[in-house]
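The values are calculated or read from the model by the stated rules, or taken from the named source; none is laboratory data. No experiment lies behind these values; they were computed from the predicted model shown. Every residue, glycine among them, receives a Cβ derived from its backbone with ideal geometry; neighbour counts consider all protein chains shown.
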């Protein structure tokens, strides 16, 4: 059996578990390997000196690193350093950036021996098994390797039954993610941890690159299996709240109902929040009532744009009737006492001033407690990346991946300028967060002293960082 060192890089200032590494690590552990996870988000680590110390102490046979686009240059530096310590260590890259550009990554990151595109839960263990035996790689789904000096990619395959995957907590301690600022800083109870009950997305939003890893095939875990994980976290680590990071928890209504009923049947004393943006057209009063009864108190909505024209251009898949019903669902959720959070975008490539005004108008019209406004960024694997390749980059060699670090990317528009977009976002934020009715409604929904103070701190830090990033957009 082999010793495998897994490395995760911090996503942003918030602390979240590296679930992908946890799932892959648990799969490798099940196959009898010895695993060490260097999870930078948890340990506040990441310095080359710390990695060097761990590599020398652990002396791994393999080193795997999960990479986002903003992290690719840093990841290449880390692999180079690992190779300088022990050139015999086999290095493997995976994650969203690698999944979108596997051959290019292998050709340009010279100290990466292999790449794995897509879901690596099965592919990575299979690769280690065959590599150790010097066997043929052609049957390993998603593996990208060098053959006769060229990068060769095997077709990635999805894991059809994700309920068969091991829980990620054998190598990740969820309590490590409660030391810093949480993404959902209005957490009602602590300790809190992030989990997922599904993978994939059936929609084709042009600004999203998630399909590079998880595909367009939406899959859900068995309700019993998912609630088993909730109960495991509650009993073994004292977890009191779950942040559900699914993009489409209510897409299959029956799945959401089964999860809620199972939580109620077991009488689990656990709160949970939908932090990643529920589809507004996939809710109804009966389902909302059941979710609240089962402990859900926080709901983020993927609203994106107020302009029907832009919603169609970005292929949101939301009909006029869906918008009408969806906006009523947001109002209903707020009326029922859910903390409501709206995710919005301004500055889509073909957006005009009147489109942004419609988004600002929608924000005013809906009873939201929190809002987040971003600018669409063309990540590899998204449709708008192709637009940027044509209009801005021309060739992939012209891209500086460090520009993707939070707030640094300079977008382009057909009809707008950076100053116009940045000013509109800033004014919309100020209008929302200086509205006393919005603040009073939000405060009335806070239930614990801990939640109140965490919210205050989160607003102070989060809004300051947001405004700094907005100015970088200019």
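Apart from one condition, residue 347 fits all of (1) in contact with a strand residue (DSSP E or B) (Cβ under 8 Å, 6 or more places away or on another chain); (2) surrounded by 21 or more Cβ atoms within 10 Å (Cβ to Cβ); (3) in contact (Cβ under 8 Å) with a residue 60 or more places away in the chain; the exception is (1). Of the residues making up the range 98-127, those that are assigned to a helix (DSSP H, G or I) and surrounded by fewer than 22 Cβ atoms within 10 Å (Cβ to Cβ) are 100, 103, 104, 107, 108, 125, 126.
Among 243, 217, which is the only one that is touching a strand residue (DSSP E or B) at 6+ places or on another chain (Cβ under 9 Å) and closer than 19 Å to residue 169 by Cβ? Can you show your working first?
On the way: 217 fails: closer than 19 Å to residue 169 by Cβ.
Of the residues listed, the single one that is touching a strand residue (DSSP E or B) at 6+ places or on another chain (Cβ under 9 Å) and closer than 19 Å to residue 169 by Cβ is 243.
When 99, 49, 42 are checked against the criterion of being at pLDDT 95 or above and not assigned by TED's automatic domain parsing to the domain that holds residue 197, 99 stands alone in meeting it. Only a single item in (1) on the phi > 0 side of the Ramachandran plot; (2) over 25 Å from the mean Cα position of the chain (by Cα) is not met by residue 354, and it is number (1).
Counting only residues that are touching a residue at least 60 places away in the same chain (Cβ under 8 Å) and in contact with a helix residue (DSSP H, G or I) (Cβ under 9 Å, 6 or more places away or on another chain), give me the helices (runs of 4 or more DSSP H) lying completely in the range 216-328 with at least 3 of them.
Details: elements: 223-237, 253-266, 285-293, 308-313.
Output list reads 223-237.
Of the residues making up the range 232-282, those that are closer than 15 Å to residue 190 by Cα and surrounded by fewer than 17 Cβ atoms within 10 Å (Cβ to Cβ) are 235, 236, 237, 238, 269. The condition of being crowded, with 23+ Cβ neighbours inside 10 Å and out of contact with any helix residue (DSSP H, G or I) (no Cβ under 6 Å at 6 or more places or on another chain) holds for only one of 149, 142, 94, that being 94. Of all the numbered requirements in (1) in contact with a strand residue (DSSP E or B) (Cβ under 9 Å, 6 or more places away or on another chain); (2) modelled with pLDDT under 95; (3) part of a helix (DSSP H, G or I), residue 37 misses one, and that requirement is (3). For the range 326-336, check the following and say yes or no: at least one residue is in the same structural domain as residue 311 (by TED's automatic domain parsing), out of contact with any strand residue (DSSP E or B) (no Cβ under 9 Å at 6 or more places or on another chain), more than 19 Å from residue 436 (Cβ to Cβ) and surrounded by 21 or more Cβ atoms within 10 Å (Cβ to Cβ). Taking every residue of the range 326-336 in turn, none turns out to be in the same structural domain as residue 311 (by TED's automatic domain parsing), out of contact with any strand residue (DSSP E or B) (no Cβ under 9 Å at 6 or more places or on another chain), more than 19 Å from residue 436 (Cβ to Cβ) and surrounded by 21 or more Cβ atoms within 10 Å (Cβ to Cβ).
Kindly indicate the residue of the range 371-392 that is part of a helix (DSSP H, G or I) and within 13 Å of residue 104 (Cβ to Cβ) and also farthest from the chain's Cα centre (by Cα) among those meeting that condition. Filtering first and then ranking leaves 389.
Just a yes or no: is a residue in the range 302-318 assigned by TED's automatic domain parsing to the domain that holds residue 434 and within 21 Å of residue 260 (Cβ to Cβ)?
Step one: filter the range 302-318 for residues assigned by TED's automatic domain parsing to the domain that holds residue 434, giving 302-318.
With within 21 Å of residue 260 (Cβ to Cβ) added as a condition, the list becomes 302.
Yes: one or more hits.
Within the range 161-175, take every residue that is at pLDDT 95 or above and part of a loop (DSSP other than H, G, I, E, B) and give me the one that is surrounded by the fewest Cβ atoms within 10 Å (Cβ to Cβ). By that ranking, first place goes to 161.
Being in a helix (DSSP H, G or I), modelled with pLDDT of 90 or more and surrounded by 15 or more Cβ atoms within 10 Å (Cβ to Cβ) is the filter here, so list the residues in the range 394-422 that pass it. Give the derivation first.
First, pick out the residues of the range 394-422 that are in a helix (DSSP H, G or I): 396-398, 401-404, 418-422.
Then keep just the ones that are modelled with pLDDT of 90 or more; that gives 396-398, 401-404, 419-422.
Scanning the range 394-422 gives 401, 404, 420, 421, 422.
For the range 87-97, the candidate set comprises residues that are touching a strand residue (DSSP E or B) at 6+ places or on another chain (Cβ under 9 Å) and part of a loop (DSSP other than H, G, I, E, B); within that set, the residue that is nearest to residue 21 (Cα to Cα) is 95.
Residues are listed down the side, and each one gets a yes or a no for (1) modelled with pLDDT under 90; (2) over 19 Å from residue 122 (Cβ atoms); (3) under 16 Å from the mean Cα position of the chain (by Cα):
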site	(1), (2), (3)
177	yes, yes, yes
198	no, no, yes
201	no, yes, yes
211	yes, no, yes
228	no, yes, no
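For the range 322-333, the set of residues classified as closer than 13 Å to residue 288 by Cβ and within 25 Å of the chain's Cα centre (by Cα) consists of 326, 329, 330, 333, listed by residue number.
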